[in-house]
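To start, the structure itself, in structure tokens.
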């Protein structure tokens with residue numbers, strides 16, 4: 001298969017990561033960015049070079065509020081190239097491209113790799129960022145087959161999993177699985193501003209897990225939410241209704257039906273979690289948790305994981321938590337129920353303390 005000539009416009013997290021991933025495959029991308037410093041940094045990291053041949057495909061990786069204009073500019077600058085983008089909202093871009101000539105419109109196809117980090121910029125780039133992650137592709141009735149093939153091939157080359165859907169389907173989906181969670185996490189974390197130091201010192205892994213994405217860039221998220229405001233607003237209204245019912249029940253738990261209302265919400269949460277796909281995109285699984293205590297010292301975690309590998313137990317997931325006020329760590333290991341007893345027995349027999 002012939003390697004395409006790729007141009008990446010914008011060397012933030014996604015653009016730099018894409019360049020690094022392509023470099024691993026022996027494809028040297030041409031990089032472009034308005035920031036000379038960011039461009040030099042991405043080149044130094046090995047994400048590509050400043051000059052190159054005329055591209056076969058252009059990937060626009062710029063902030064959402066300028067994506068549509070940059071896509072249009074790249075279509076005109078490279079009249080033979082396929083142009084795609086990685087913006088997390090597709091509707092407004094599709095609308096802008098639909099106003100172009102049929103020839104230009106046919107060479108554009110929207111896409112969105114479902115990958116990211118709380119950190120941004122070229123220094124946050126990772127060659128494995130897209131590996132095993134969905135890469136949404138949003139063709140429309142004007143998209144020519146070559147454009148679809150080119151973007152699907154690009155996604156596969158960097159280890160992503162191509163998924164096709166319409167722009168409107170995409171925007172509704174990401175409102176639910178990405179944009180709403182961001183706002184919920186930010187709302188929760190915003191409450192911590194009013195917490196006392198003594199209260200916050202008790203924070204455990206649950207709070208860290210639910211507030212982690214609240215550390216994301218507010219400027220970027222304002223742009224994303226502006227472009228997908230209608231879909232997100234609808235979900236917020238539904239969430240607000242749920243919160244109103246919960247708040248009413250919590251204010252008077254002695255009232256008939258109040259505890260049933262709380263139980264109903266918690267049960268619905270269980271049902272929702274069970275619908276999140278598990279490993280390899282399969283049905284979500286129920287795992288058992290085995291928690292071991294380790295010293296907060298170099299090599300302690302490595303020793304534990306090495307031992308688990310030696311006894312042939314596969315960890316489905318792992319969480320680390322530091323114990324407040326003590327030089328120890330708690331390692332929560334999720335395993336399939338069939339091996340939980342074996343893992344616990346082997347760990348205790350070899351001197352590991354479980355909680």
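The values are calculated or read from the model by the stated rules, or taken from the named source; none is laboratory data. Here the structure is a predicted model, which is why all the values come from computation and not from measurement. All Cβ positions, glycine included, derive from the backbone under ideal geometry; neighbour counts span all protein chains shown.
Only one of (1) under 20 Å from residue 206 (Cβ atoms); (2) at pLDDT 95 or above is not met by residue 325, so which one is it?
Tallying (1) under 20 Å from residue 206 (Cβ atoms); (2) at pLDDT 95 or above, residue 325 fails exactly one: (2).
Out of region 305-340, which residues are assigned to a helix (DSSP H, G or I) and under 15 Å from residue 286 (Cα atoms)?
Answer for region 305-340, where residues must be assigned to a helix (DSSP H, G or I) and under 15 Å from residue 286 (Cα atoms): 337, 338, 339, 340.
Mind checking whether some residue in region 268-286 is at pLDDT 95 or above, on the phi < 0 side of the Ramachandran plot and touching a strand residue (DSSP E or B) at 6+ places or on another chain (Cβ under 7 Å)?
So far as region 268-286 goes, no, none of its residues is at pLDDT 95 or above, on the phi < 0 side of the Ramachandran plot and touching a strand residue (DSSP E or B) at 6+ places or on another chain (Cβ under 7 Å).
Can you confirm whether residue 237 is more than 19 Å from the chain's Cα centre (by Cα), modelled with pLDDT of 95 or more and not in a helix (DSSP H, G or I)?
So residue 237 fails the test.
Among 22, 39, which is the only one that is in the same structural domain as residue 137 (by TED's automatic domain parsing), closer than 16 Å to residue 125 by Cα and in contact (Cβ under 8 Å) with a residue 60 or more places away in the chain? Steps first, answer last, please.
On the way: 39 fails: in contact (Cβ under 8 Å) with a residue 60 or more places away in the chain.
Unique residue meeting the criteria: 22.
Just need a number here: residues in region 165-221 that are surrounded by 12 or more Cβ atoms within 10 Å (Cβ to Cβ) and assigned to a loop (DSSP other than H, G, I, E, B).
Qualifying residue count, region 165-221: 7.
Restricting the search to region 56-80, which residues are in a loop (DSSP other than H, G, I, E, B) and surrounded by fewer than 22 Cβ atoms within 10 Å (Cβ to Cβ)? Lay out the reasoning, then the answer.
Taking region 56-80 first, the residues in a loop (DSSP other than H, G, I, E, B) are 56, 61-63, 78-80.
Matches in region 56-80: 56, 63, 78, 79, 80.
Among the residues of region 93-120, how many are part of a loop (DSSP other than H, G, I, E, B) and surrounded by fewer than 16 Cβ atoms within 10 Å (Cβ to Cβ)?
Selection size over region 93-120: 5.
Can you confirm whether region 132-144 contains a residue that is farther than 19 Å from residue 89 by Cα, modelled with pLDDT under 95 and surrounded by fewer than 16 Cβ atoms within 10 Å (Cβ to Cβ)?
Yes.
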